[in-house]
1. Show me the ranking of peptides 30-36, 44-50 by mean Cβ neighbours inside 10 Å, starting with the highest.
2. For the range 27-86, treating each Cα as an identical point scatterer without solvent, what Debye log10 I(q)/I(0) comes out at q = 0.17 1/Å?
3. Which residues does a label at Trp91 reach in the range 39-65, if reach means a backbone N under 20 Å from a point 7 Å past the Cα toward the Cβ?
4. Relative to the present Cα-Cα distance, how much length would full extension add between Asn84 and Lys47 at 0.36 nm per residue of separation?
Amino acid sequence: AAGPAIASPAGDGHAPYKGRVIAKTGLLVRTGPSTHYRVVGKHGYGKIVHIVCKVNGQNIRGNPRWYLLSDGSYGWSSARYIRNIGRAPAWC
């Protein structure tokens, strides 16, 4: 099952928060906040991603936060591999 349903943010269709992918091999996007969920996409190193909100999920190398991304479609990625640009995302 996917994570919680989130309404599309208002405005230009992008989420209110941004981050940069810091995983050298790229960032996997999943259907839920854990590595047990199916991979549905990937973003390359250095790409700017749009973040809707955060939840606690599977702990990845000391970081339990997962971000709901809204780049084309919604999916979850570990915050361990995303550096926030500006303020930290709000809780979902």
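Computed from the coordinates by the stated procedures, all read-outs in this text should not be read as laboratory data. Computed from a predicted model, the values in this text were never measured in an experiment. Note that we place each Cβ from the backbone using ideal geometry, even for glycine, and neighbour counts take in every protein chain shown.
1. 30-36, 44-50
2. With no solvent term, the Cα-only Debye profile gives -0.47.
3. Flagged as within label range: 51-60, 63-65.
4. On the way: separation 37, 0.36 × 37 = 13.32 nm, distance 1.19 nm.
Extending this stretch completely gives an extra 12.1 nm.
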